Amino acid sequence: MNTNIENAHLLAEKLENNISSVIYGKRDKIKLIIASLLARGHILLDDIPGTGKTMLAKALARSIGADYKRIQFTPDLLPSDICGINFFNMKESEFVFRKGPVFTNILLADEINRTTPRTQSALLECMAESQATIDGVSYPLDDLFFVIATQNPIESQGTFPLPEAQTDRFMMRLSMGYPDHTSEKEILDKHATLSPLESLGEVCTKNDIISASKALDEVNVSDSIKEYILALAEASRSSERIRLGISPRASLALMRAAKGFALISGRDYVIPDDVKKVAIPVMAHRIIPRSTHSLRSSENSQTIIEYLLDSVSVPLS
């Protein structure tokens, strides 16, 4: 096996096991987040409060030994509050740039749909371009810059729903969901006195993540897998159940996410199951169903993607 692929696989296993020691019963979600991290994508966690979104982001940052910051998005938040500002230093008689919280490694953008489109777009530039622009000057972000944004799908009053152009910038949309009975019992047992994050150790460095991410380029995608991805994309555009299918950028995200899942599985090639594993989190938030009841219904979108996966022929080799 390729040494770089093997190292990335072992790193992903260590991360998964470490995070799973504080986030119980969610290994499938943790795997997808690690795959997205190595594929240089960002995550949108669409879930109700109290399901472990913040703890997951903190656990990831602690496991990597990376810098972590959290922004609580509110209607009065300005772009300068997240990117930074030039302020006049009277002692030095000059303007000095004060960096905002986007200058970090792991950024939790909490309740992103509660801030205005202007501030949302500032974060969008950081995600898409890996830079922040303040007063016409662009500042590069760290080589490891990973956004976990959250939003509450239940409350809509006082929110600014992310337009399709912005949700398309997130590689995956996930929902933590309620824990099963055994996992919730474990939470009651172990979280009763103190936060388990206090004892969570570091299993790698941010440079290890950057190196593992580079191994993604060594994961091969055969022509048959590319044709499978294209078939799924074209099916989403021609389906009578979908008003807006996925874009070419989404097809590329699907391929990169599948490569990320292959990488954490220890393979230097993508198989159809890799595409299937990531198809719903990558595609569901990028389509608009024809349903007049709820154009943004994640459940409806998920059902449609499941239907596409069942209807599109899977390559045999």
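Annotations
- Test: residue in the stretch 35-45 that is farther than 29 Å from residue 10 by Cβ and not hydroxyl-bearing (Ser, Thr, Tyr): no
For (1) modelled with pLDDT under 90; (2) of a type in the set (Lys, Arg); (3) under 24 Å from residue 195 (Cα atoms), each residue gets a yes or a no:
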position	(1), (2), (3)
11	no, no, no
15	no, no, yes
20	no, no, yes
27	no, yes, yes
34	no, no, yes
39	no, no, no
66	no, no, yes
89	yes, no, no
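- Residue in the stretch 162-174 that is assigned to a loop (DSSP other than H, G, I, E, B), open to solvent by 70 Å² or more (accessible area, probe 1.4 Å), free of Cβ contacts under 8 Å to residues at least 60 places away in the same chain and not aliphatic (A, V, I, L, M) present: no
- Qualifying residue in the stretch 55-67 (condition: surrounded by fewer than 20 Cβ atoms within 10 Å (Cβ to Cβ) and free of Cβ contacts under 8 Å to residues at least 60 places away in the same chain): no
- Here is the figure for the stretch 96-113: residues that are among the acidic types (Asp, Glu) and surrounded by 22 or more Cβ atoms within 10 Å (Cβ to Cβ) total 0.
- Residue match in the stretch 130-140 (condition: touching a residue at least 40 places away in the same chain (Cβ under 8 Å), touching a Ser or Thr at 6+ places or on another chain (Cβ under 9 Å) and closer than 24 Å to residue 35 by Cα): no
- Any hit, the stretch 300-307, residues being open to solvent by less than 10 Å² (accessible area, probe 1.4 Å), closer than 17 Å to residue 174 by Cβ and either aliphatic (A, V, I, L, M) or touching a helix residue (DSSP H, G or I) at 6+ places or on another chain (Cβ under 8 Å) (or both): yes
- Considering the conditions (1) closer than 26 Å to residue 187 by Cα; (2) of a type in the set (A, V, I, L, M); (3) in a helix (DSSP H, G or I), residue 8 is excluded by exactly one of them, (1).
- Filtered residue count, the stretch 80-95, keeping only those that are open to solvent by 10 Å² or more (accessible area, probe 1.4 Å) and either of a type in the set (A, V, I, L, M, F, W, C) or closer than 11 Å to residue 135 by Cα (or both): 7
- Residue in the stretch 123-130 that is at pLDDT 90 or above and at positive phi present: yes
- Helices (runs of 4 or more DSSP H) within the stretch 181-287 that include 2 or more residues surrounded by 16 or more Cβ atoms within 10 Å (Cβ to Cβ): 206-214, 223-238, 248-264, 272-283
- Selection count, the stretch 114-139, where residues are open to solvent by less than 10 Å² (accessible area, probe 1.4 Å) and either basic (Lys, Arg) or not in a strand (DSSP E or B) (or both): 5
- Beta carbons closer than 8 Å, at least 6 apart along the sequence or on distinct chains, pair a first residue in the stretch 247-263 that is touching a residue at least 40 places away in the same chain (Cβ under 8 Å) with a second that is of a type in the set (S, T, N, Q) and assigned to a helix (DSSP H, G or I) for 257/36; 260/36.
The values are calculated or read from the model by the stated rules, or taken from the named source; none is laboratory data. None of the values given here were measured: they were computed from a predicted structure. FYI the Cβ positions are ideal-geometry reconstructions off the backbone, even for glycines, and counts take in every protein chain you see. Note: accessible area is taken over every heavy atom of the protein model, side chains too, but ligands, DNA and RNA are not part of it. Shrake-Rupley method; radii C 1.70, N 1.55, O 1.52, S 1.80 Å.
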